[in-house]
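Have a look at the structure below before the remarks.
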Amino acid sequence: MYFNQDPNVEAIWNYDGRIQSLDHAQQPWSPGAELHEVPGPAGAAHRYLLKVADDYHIPKGVLQGTPTGLSEPTSVSNTSFGLKLAQERPRFKSTAITYQQTLGELPVWDAKVSIIVDEGNRVVNSTSSIDPEGPKLDKFPDVAKYKDLAEDDLRQLLASHIGAGELSFRRNPEQQRQGQQRLVVYHYKKDGRQEMTDGAPPTLILPEVPDTIRDGQYYVAREVLFTLPVSGFGALNWRALIEVETGSIIYLRALTSGLHGWVFSRDPATRLADKAPKTTGDTAELNRLRERVFLPDTVATSPQILKGRYAEIKDIQSPPSLPPATSNGEFDDSVDTDNFAAASAYRHIAKLFRLLVELGFSVRTLFNNTQLPVPVDHRALNNDVNAQAPGNTLGNGSGGFLFGRADPTSQVGIAADFRVAAHEFGHALLWDAVSSPNFGFAHSAGDSLAAIYCDPGSNATDRFNTFPWSVVRRRHDRKVTDGWAWDGPVFRADWPKGYDCEQILSTTLFLLYRTLGGDAIGDYDRQVWASRYTLYLIIGGIATITTQANMPLQYVSAMISADNGTVLGYPGGAARKIIRWSFEKQGLYHPVNGPTPVMTPGPPPAIDTYIDDGRDGEYDYTPSFGNAPGIWNRRAADGGLVNEAPIAGAVNYCYVAIKNRGTGSAQGVQVNVHQSNVPEPRVWPGNFQSAGVYNINTPVLGNRQQTAIAGPFQWTPSQDNSFDRYCLLAAVSANGDLSNVDPMGGLACAVRPTDIDNLVPFDNNLALRHFER
């Protein structure tokens with residue numbers, strides 16, 4: 001296989017063991033001289049497809065010649081596997097070439113090979129969703145019989161399934177040649193018949209398919225696009241696949257959304273600080289703070305109830321409460337009502353499930369033991385001031401969510417507070433991961449989810465008050481010197497109850513968020529990026545562990561493991577050292593035979609070489625990291641320690657100071673210096689070129705006992721007048737401590753285009769120095 005022969009190719013497999021994607025970001029594939037046969041991106045893609053046919057299990061003989069497009073459907077057989085060029089689509093600095101799998105000249109639904117070709121006609125990525133075994137049909141209908149139906153016949157057919165009413169048909173602009181209808185081969189999946197798209201539209205109640213339609217089988221279906229008004233939602237656009245022989249709808253999606261409710265998207269204290277009314281405040285004042293928001297993933301019913309893909313409002317525990325319903329598609333109720341509590345509970349829990357999707361997780365994988373939708377009781381627990389996330393009957397998955405009151409003297413439901421819902425969601429994640437609502441070392445990560453999700457743009461008076469609008473009083477700025485350390489006195493006294501331990505965890509993880517950019521106060525976009533990245537690491541860590549542990553070392557390792565590959569569209573790996581550092585600062589990593597209880601930060605790694613960027617090897621957030629004192633320039637190779645302005649067009653000499661904050665001596669220390677080839681570098685590695693390598697042949701002592709000087713590195717600043725300053729990037733690696741740009745570490749951020757802002761300040765092995773011209 002091709003990918004096994006090239007270490008620069010990263011292969012991604014499906015769950016069934018077949019290759020789903022081949023990534024060539026490290027070294028794009030070039031067709032070389034072979035491109036003359038068919039020039040341009042399509043030619044490059046064709047040559048590439050011939051190269052990787054075995055990897056994608058494309059049958060021999062399918063790729064003969066140069067396919068040019070789909071032909072009109074004429075017949076169907078189970079021996080006419082095809083793969084034909086369907087689209088050549090310009091993208092940003094690239095062209096996407098798409099091949100469509102066919103059966104008897106009919107397109108197989110969502111079965112394609114996509115190849116991304118860059119501006120140099122080099123392939124950077126390919127993906128495949130084809131069925132390499134080839135679709136098999138139990139029956140081979142005469143396709144000629146199933147040309148476009150007349151609109152009246154089509155309307156009557158749909159009416160028998162969905163009560164079509166005032167239905168109108170649409171034409172797909174990409175199918176003008178084929179009209180509003182087209183025939184496809186569809187792989188029917190019972191669970192996916194009305195599975196929501198990411199747009200979270202409502203669905204319709206459909207009759208069961210006949211017994212002749214079986215799960216997992218292929219069928220010829222008619223694709224129909226139409227518009228159907230739904231009460232409370234307005235006119236919605238839909239796509240349906242109708243099996244040609246039985247006339248059954250085997251796939252239905254609304255292409256828009258519409259259900260809304262009035263809730264607190266952010267609790268009043270987060271939104272208004274000291275001006276916010278309390279949970280016991282004036283109802284009219286609280287009502288003015290409601291916001292009209294989208295209620296995601298709902299299923300359309302008449303009347304409309306709060307039920308969707310992930311959550312369903314149900315009466316589970318006392319006191320009795322009726323799930324609300326509306327006939328106008330809007331849940332607009334006073335803050336002190338059960339209906340407001342219900343809309344809040346549904347929206348917050350559904351939003352948290354949706355957050356998993358937005359972060360790139362599979363809900364089915366994370367909740368593989370949970371029956372969805374989960375039941376949510378908005379008025380439970382005998383109206384106590386409490387909320388719970390019980391397990392299912394087997395104790396290996398979520399059993400739903402229960403919400404009481406926000407205050408003993410108030411009718412406002414505690415479900416109105418998104419932070420409380422986020423806390424309970426932390427338990428739900430753990431039920432499926434470790435068959436318990438708790439870590440072995442803390443109550444959950446729910447406080448962390450609440451604090452980190454709600455911090456960007458928060459107006460709360462005290463950003464470290466985890467629940468500023470609630471009677472619950474917990475914090476995420478606990479000090480090690482006050483006993484809030486891993487294995488400190490507070491930890492020992494609280495374990496295994498966990499609420500104080502949870503504050504130790506939330507303080508740790510909030511520090512991680514702050515370091516990644518959460519402390520960029522006033523820079524909302526940066527805070528949101530840091531929040532989402534940290535949430536990904538928290539949830540990815542939970543998704544990786546399978547057992548409880550008395551200390552968080554296993555969880556730290558799981559979070560570091562999660563920071564790899566592609567994270568939120570970014571090359572991962574850059575945050576791994578900060579993850580460890582955050583737990584270290586909260587007292588983890590003390591030796592077993594050390595002083596107890598712990599009252600100090602933990603020790604650093606055994607080897608932790610660094611270049612001083614002004615933080616002396618630490619990771620506290622800094623908005624400016626481009627003037628590292630550990631790098632300086634000299635106009636002569638004289639070993640001087642004072643920086644000199646470089647001379648343009650002449651050879652200059654760079655020196656780099658190396659220290660080691662680790663507990664042991666660093667061996668095999670190597671320093672690489674890279675010169676920027678643009679005045680204002682933003683991306684690694686594209687904006688840099690090597691300026692030299694220097695090996696330090698003696699150990700660098702730990703505990704900052706020594707400064708080793710690497711250099712001189714020769715470099716020549718450009719004489720180009722467009723350069724108003726120059727930039728050098730230095731990287732140090734040692735045995736046991738590779739930099740995040742060292743390709744030997746196997747990190748995506750080392751070899752794929754990575755923002756400097758999301759790379760250099762997160763690794764003390766890296767430092768950047770700007771030199772004014």
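Derivation of every value follows stated rules applied to the coordinates shown; laboratory data play no part. The shown structure was predicted, so the numbers you read here are calculated from the model rather than taken from an experiment. Every residue, glycine among them, receives a Cβ derived from its backbone with ideal geometry; neighbour counts consider all protein chains shown.
Say R0 is 22 Å: what FRET efficiency, to the nearest 0.05, do N677 and R773 get from their beta-carbon distance?
0.90
What residue among F401, N386, T337 has its Cα farthest toward the positive end of the dipole of the range 264-437, where the charges are +1 on Lys, Arg and -1 on Asp, Glu, each on the Cβ?
Farthest towards the positive pole: F401.
Along the charge dipole of the chain, Cβ charges K/R +1 and D/E -1, which of N550, L747, I504 sits furthest on the positive end?
L747
Given Cα pairs under 8 Å that are at least 6 residues apart, what percent is the relative contact order of the range 335-461?
Relative contact order for the range 335-461 comes out at 24 percent.
Could you work out how far the C-alpha centroid of the range 353-424 sits from that of the range 241-301, in angstrom?
16 Å
Order 693-705, 455-467 from most to least packed using the mean count of other Cβ atoms within 10 Å.
Going by the mean number of other Cβ atoms within 10 Å, highest first, we get 455-467, 693-705.
Points 7 angstrom from Cα along the Cβ direction at N695 and Q317: gap in nanometres?
6.6 nm
Let me have the relative contact order for the range 609-772, percent, based on Cα pairs under 8 Å that are six or more residues apart.
Here the relative contact order equals 30 percent.
Place a +1 charge on the Cβ of each Lys and Arg in the chain and a -1 charge on the Cβ of each Asp and Glu, then give the dipole magnitude about the Cα centre in debye, rounded to the nearest 20.
Charge dipole, the chain, about its Cα centre: 360 debye, nearest 20.
Test of understanding: ordering D724, D613 by Cβ neighbours within 10 Å, fewest first, what list do you get?
If I rank by nearby Cβ atoms, fewest first, I get D724, D613.
By average Cβ neighbour count within 10 Å, what is the ranking of 734-746, 507-519 from highest down?
Details: 734-746: 18.5, 507-519: 25.1.
Highest-to-lowest ranking by the protection proxy: 507-519, 734-746.
Work out the FRET efficiency for S436 and L272 from their Cβ-Cβ distance, taking R0 = 56 Å, and round it to the nearest 0.05.
0.90
Can you flag which of K112/K190; K93/K351; K136/K190; K112/K136; K585/K659 are past 27 Å Cα-Cα?
Working: K112/K190 22 Å; K93/K351 34 Å; K136/K190 18 Å; K112/K136 17 Å; K585/K659 20 Å.
Listed pairs above 27 Å: K93/K351.
Pull out a ≥ b ≥ c, the square roots of the eigenvalues of the alpha-carbon gyration tensor of the chain, then state rounded if a/c is under 1.5, prolate if not and a/b is larger than b/c, and oblate in the remaining case.
oblate
Taking the Cβ-Cβ separation of D462 and T409 as r and a Förster radius of 22 Å, what is the calculated FRET efficiency to the nearest 0.05?
Result of the calculation: an efficiency of 0.40.
In deg cm²/dmol, rounded to 500, what helix-only [θ] at 222 nm does the chain give when every DSSP H run of at least 4 residues adds -39500 (n - 2.57) and the total is split over its residues?
-6000 deg cm²/dmol
Restricting to Cα pairs below 8 Å that are 6+ residues apart, what does the relative contact order work out to for the range 550-649? Please round to a whole percent.
Details: 85 pairs, mean separation 14.0, N = 100.
Computed over the range 550-649, the figure is 14 percent.
Can you find, among S624, T707, A645, the residue sitting farthest towards the positive end of the charge dipole of the range 614-759, where Lys and Arg contribute +1 and Asp and Glu -1 at Cβ?
T707
Please identify the DSSP H helices in the chain that span no less than 27 Å along the helix axis (Cα) and have a mean Kyte-Doolittle hydropathy of -1.0 or more.
For the chain, where a helix must reach 27 Å along its axis and average at least -1.0, the hits are 338-358, 524-544.
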